[in-house]
1. Could you compute the net charge surrounding Lys44? Neighbours are other residues with a C-beta less than 15 Å from the C-beta of Lys44; K and R count +1, D and E count -1.
2. Which of Leu31, Ser9, Ile50 sits closest to the plus end of the dipole of the chain, meaning its Cα is farthest towards the positive end, when Lys and Arg get +1 and Asp and Glu get -1 on the C-beta?
3. Mind checking which aspartates and glutamates have their C-alpha under 15 Å from Lys44, skipping anything on the same chain fewer than 8 residues away?
4. Rg and Dmax of the chain over Cα atoms: what are they, in angstrom?
5. Express in nm, to one decimal, how much length is gained between Val35 and Asn10 on full extension, taking 0.36 nm for each residue of separation and deducting their alpha carbon distance.
6. How far apart, in nm, are two points set 7 Å out from the Cα along the Cα-to-Cβ line at Leu3 and at Lys44?
Amino acid sequence: GDLVLMYKSNIHDKKKLEDRWKGPYYIHDDLGNGVYKLRTMDRKILKTPINSARLK
């Protein structure tokens with residue numbers, strides 16, 4: 001469980017200085033090919049797998 005931030009891809013209508021990263025999240029599972037399942041700080045697992053290109 002490393003801690004990561006997830007890039008918000010739906011910020012095209014947002015203000016320029018608004019935070020582009022969401023989190024932190026824990027890495028719950030490595031699905032291979034740079035895809036991960038994430039878990040919130042309160043232990044809820046996100047349904048959608050996230051590509052590593054959207055994580056930092």
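A short reminder: the numbers here are calculations on the coordinates, not readings from a lab. Everything quoted here is computed from the prediction, not taken from an experiment. Every residue, glycine among them, receives a Cβ derived from its backbone with ideal geometry; neighbour counts consider all protein chains shown.
1. So the surrounding residues net to +3.
2. My answer, from the dipole projection, is Ser9.
3. Counting by Cα, and skipping residues close in sequence, Lys44 has these aspartates and glutamates nearby: Asp29.
4. When restricted to Cα atoms, the chain yields Rg and Dmax of 11.7, 34 Å.
5. 7.1 nm
6. Simple spin-label model gives 2.0 nm for this pair.
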